[in-house]
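Presented below is the structure to which this report refers.
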Amino acid sequence: MSTAVCLLAYSMVVLVIGPPLLSQVTASGAIPRLGITVWVTSMASVLGAWLVAAVLFAVDLHRAWGHIDMLLAGCFAALRTLALGGYGGYLQAGLAVLTALTLVALGVLGARVLAALRRGRIHTRRHAEAAQLAARGAPRGPGGSLVVDAPHRSVYCLAGRPRTIVITRPALSALDEGQLAAVLAHEQAHLSGRHHQLLALTGALAKVLPHLELFTQGSVEIARLVEMCADDVAARRHSGDTVVGALLALALPAQTAPGSPAPALGAAGLGVADRVERLLDPPNRTQAWLYQSLVLYGLLVAPLALAAMIITQVPLCVTAALG
């Protein structure tokens with residue numbers, strides 16, 4: 001049980017200090033892929049800690065059934081007297097119910113996340129079908145994109161089958177040839193990097209756990225870093241100045257008119273000012289790599305140490321079960 005308690009304590013520490021710390025070390029977006037890795041690792045470590053702790057509680061409860069004093073003595077020595085008293089059976093039953101409810105809650109959490117992902121896929125597919133219908137009869141645009149009539153400048157991509165890049169006619173008119181190529185490279189980077197799946201998962205977690213800042217703020221930060229990843233791909237293929245010109249050409253109308261829907265990833269849809277500043281004045285990559293690597297190391301060391309403790313307990317559990 002001590003390992004399970006340590007896992008829960010670890011998750012609480014990450015939930016409390018994680019959001020402000022991670023926001024600070026990934027704010028510059030110097031290495032967006034590493035920043036995404038840090039955020040995703042923190043979320044996964046918390047969810048994994050919850051799951052493993054619940055399983056360990058259930059295993060320990062099963063091993064100590066009928067000997068509740070042995071179960072509590074490892075972590076809660078102060079309850080030993082109570083456990084040895086006349087209420088031991090009630091207390092043990094309460095722990096069993098609590099463990100069962102925890103496992104059920106984790107199952108419900110997983111089911112709600114899967115349901116949110118399914119709704120996102122349906123919404124994306126319907127939007128892609130609507131874009132196909134709106135562009136019916138019109139010739140394909142550059143790179144096989146769909147050109148649709150709309151009052152604002154917008155370029156975005158939709159995942160699914162087939163993958164689709166949508167360009168509105170005002171955006172097509174506003175971008176020169178080099179800027180249009182950079183925007184298409186940006187959108188292709190989203191599609192090839194499967195950024196939609198990542199954002200769908202983090203968005204679902206944020207909806208299911210709306211009161212935990214690690215997931216709500218993490219979803220927003222990951223979306224911002226994903227855009228920076230796509231900016232880097234476009235800048236490598238063309239140039240940073242070209243990407244900046246494309247962002248500025250699309251940004252103002254995108255902020256004064258409805259943007260692309262939530263499942264879509266638009267070139268100028270999020271954090272344009274920060275992205276432009278980052279491209280014009282790149283941040284210190286060495287410093288960002290050092291800070292983010294240290295945070296990632298800290299996130300991984302504690303779970304790995306606890307995993308080692310769990311592994312060393314497996315032979316004992318097997319022996320006890322066989323005995």
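Here, each number is a calculation from the coordinates, and none is a lab measurement. Small disclaimer: the values here were computed from a predicted structure and weren't measured.
Things worth noting here:
- Rounded to whole Hz, the Karplus (6.51, -1.76, 1.60) HN-Hα couplings of the range 273-280, x for glycine and proline: 4, 5, 5, 5, 4, 5, 6, 6
- Residues whose amide H lies under 5 Å from that of VAL166, counting only those 5 or more places away or on a different chain, are LEU146, TYR156, CYS157, LEU158; hydrogens are built 1.01 Å from N in the peptide plane.
- Amide hydrogen proximity for SER239: with H placed 1.01 Å from N in the peptide plane, no residue at 5 or more positions away or on another chain lies under 5 Å.
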